[in-house]
Amino acid sequence: TNGWVWENTLTYSKTLADHSLTALLGYTSEYTKASYQSESKQGTPNNTPEMQTFNAATSQPLVSGGYTVNTMISWLGRINYSFRDKYLLTASVRRDGSSKFSPDYQWGTFPSFSLGWRINNEEFFKNLGADFISNLKLRAGWGQIGNLSLPVNYAYVSQVASTPTGYIDNRYIFGGVVSNGYSVSTIGTPNLTWETTQQTNFGVEIAFLKNTLSVAADYYIKNTNNMLLQVPTVMYAGYPSTPYTNAGSVQNKGIEIVVNWKGKSGDFNYGVSVNGSMF
């Protein structure tokens with residue numbers, strides 16, 4: 001297996017009075033090729049080292065091999081904006097294309113954004129005299145990500161095989177000679193496309209004693225749609241494997257809490273983190 005990854009990004013930053021802006025544009029591409037070859041034969045007279053050769057085996061000769069190629073192209077962009085380091089905005093979008101899907105369904109667009117409010121930088125908070133609170137931030141976000149984790153390649157096309165696969169034997173007798181035939185080994189799904197996960201979250205961050213102790217809590221709702229799953233087929237259909245398709249959805253929601261403590265003893269720095277979740 002060999003391949004390459006090519007990544008290019010361009011970043012622009014600008015600060016003007018109370019405004020701060022950072023923008024990023026990117027283009028990435030990757031290519032992977034895997035090839036394999038396998039030979040096997042059975043029926044050696046015994047298991048001595050002298051008989052562990054192909055010529056000593058007497059039955060079931062089999063040679064197989066092939067190759068797969070996967071490619072992916074991505075365009076991406078992100079903007080980070082802050083006003084007086086109190087009001088924060090992040091927005092991003094990805095446009096991904098993969099050869100694992102048919103040409104009409106290769107591309108997916110996945111946007112996201114988040115908002116933040118640093119309350120501790122507000123004048124009314126500073127007038128409270130709560131100096132022991134070094135950070136207090138509210139945030140919310142929404143976004144989508146794509147998934148193409150298919151364990152097989154070319155799942156969008158039906159494939160044929162000439163060698164026995166599973167419970168199918170492609171051999172036939174013609175003219176008194178046993179020959180190998182071809183049969184469908186995998187059913188393709190032409191409209192197979194990206195699995196999409198959409199998540200909404202609301203969170204709060206608070207830190208005490210110059211960020212020595214910090215606590216972060218999040219409530220999230222995550223919905224996964226167009227899940228890439230195998231749909232079972234009946235055995236009498238004659239297919240040795242089940243096809244992949246976009247079927248089903250699932251929702252996860254819950255609360256996550258993370259507590260961090262940073263300490264120092266002389267030249268020794270240490271940190272302790274505890275996290276918990278409830279679904």
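We did not get these values from a lab; they are worked out from the coordinates using the rules stated. Please read these numbers as outputs of a predicted model, since none were measured by experiment. Don't worry about glycine lacking a Cβ; one is built from the backbone with ideal geometry, like all the others, and counts go over all protein chains shown.
Near Lys86, within a Cβ-to-Cβ distance under 11 Å, what is the net charge of the other residues, with Lys and Arg +1 and Asp and Glu -1?
Local charge sum for Lys86: -1.
Loop-only check: which chymotrypsin sites (Phe, Trp or Tyr not before Pro) in the range 1-62 are DSSP coil with at most 11 other Cβ within 10 angstrom?
Passing sites in the range 1-62 are Phe54.
Just add up the charged neighbours of Ser64: K/R +1, D/E -1, any other residue whose Cβ is under 15 Å from the Cβ of Ser64.
0
If you filter the range 172-279 for trypsin sites (Lys or Arg not before Pro), then keep DSSP loop positions with at most 11 other Cβ within 10 Å, what is left?
Lys210
Straight-line reach from Lys100: which aspartates and glutamates have Cα under 16 Å away, leaving out those fewer than 8 places along the same chain?
Glu30, Glu195
Under 14 Å from a label point 7 Å along Cα→Cβ of Lys264: give me every residue in the range 200-230 with its amide N that close.
210-213
What is the Cα coordinate range of the range 182-257 on the first, second and third principal axes, sorted by size from largest, in whole angstrom?
72, 18, 18
Check which residues have an amide H placed less than 5 Å from Ser158's amide H, if you skip close sequence neighbours.
Long-range HN contacts for Ser158: Gly188.
Using Cα pairs under 8 angstrom and six or more residues apart, how large is the relative contact order of the range 232-279, in percent?
Relative contact order here is 32 percent.
Just tell me which lysines come within less than 23 Å, Cα to Cα, of Lys262; anything on the same chain fewer than 8 places away is out.
Within reach: Lys137, Lys210.
Considering the dipole of the chain built from charges on the beta carbon (Lys and Arg +1, Asp and Glu -1) around the Cα centre, which of Gly146, Leu229, Ile255 is farthest to its positive end?
Going by the Cα projections, it comes out as Ile255.
Could you derive backbone 3J(HN,Hα) for the range 21-31 from the dihedral phi with the Karplus parameters 6.51, -1.76 and 1.60 (θ = phi - 60°), listing whole Hz in sequence and x where the residue is Gly or Pro?
Here the 3J(HN,Hα) series is 9, 10, 10, 9, 10, x, 9, 10, 9, 8, 9 Hz.
Nothing charged except the Cβ atoms of Lys and Arg (+1) and of Asp and Glu (-1): what's the magnitude of the dipole of the range 128-243 about its Cα centre? Round to the nearest 20 debye.
The calculated dipole for the range 128-243 is roughly 60 debye.
Taking the chain as a Gaussian network, where each spring joins two C-alpha atoms under 10 Å apart, which residue of Ala161, Ala217, Ala247 fluctuates the most?
Ala161
Only sites in a loop by DSSP and with at most 13 other Cβ atoms within 10 Å count here; which chymotrypsin sites (Phe, Trp or Tyr not before Pro) in the range 98-194 make the cut?
For chymotrypsin sites (Phe, Trp or Tyr not before Pro) across the range 98-194 that sit outside H, G, I, E and B with at most 13 neighbouring Cβ atoms in 10 Å, the list reads Phe132, Tyr167, Tyr182.
Among Gly77, Pro103, Gly188, which residue has its Cα positioned farthest towards the positive end of the charge dipole of the chain, with +1 placed on the Cβ of Lys and Arg, -1 on the Cβ of Asp and Glu, and the dipole taken about the Cα centre?
Gly77
In nm, what is the difference between 0.36 nm times the number of residues separating Gln251 and Tyr172 and their Cα-Cα distance?
23.5 nm
Test of understanding: what is the full-extension gain from Ala23 to Asn211, defined as 0.36 nm times their sequence separation minus their Cα-Cα distance?
64.8 nm
Counting only C-alpha contacts under 8 Å and six or more residues apart, can you give the relative contact order of the range 1-58 as a whole percent?
30 percent
Under a point spin-label approximation (7 Å from Cα along Cα-to-Cβ), what is the Lys14-Leu62 distance to one decimal in nm?
Modelled inter-label distance: 6.4 nm.
Expressed in nm to one decimal, what extension gain is obtained for the pair Val152 and Lys126 from 0.36 nm per residue of sequence separation less their Cα-Cα distance?
Fully extending the segment from Val152 to Lys126 adds 3.6 nm.
In a solvent-free Debye calculation with one equal scatterer on each Cα, what is log10 I(q)/I(0) for the chain at q = 0.06, 0.11, 0.16 Å⁻¹, listed in the order of the q values?
So the normalised log intensities work out to -0.39, -0.91, -1.34.
What size of dipole, in debye to the nearest 20, comes out for the chain about its Cα centre when the only charges are +1 on Lys and Arg C-beta atoms and -1 on Asp and Glu C-beta atoms?
Around 480 debye, computed over the chain.
Hey, rough spin-label estimate for Ile133 and Thr242, points 7 angstrom out along Cα→Cβ, what's it come to in nanometres?
The modelled label-to-label distance comes out at 5.3 nm.
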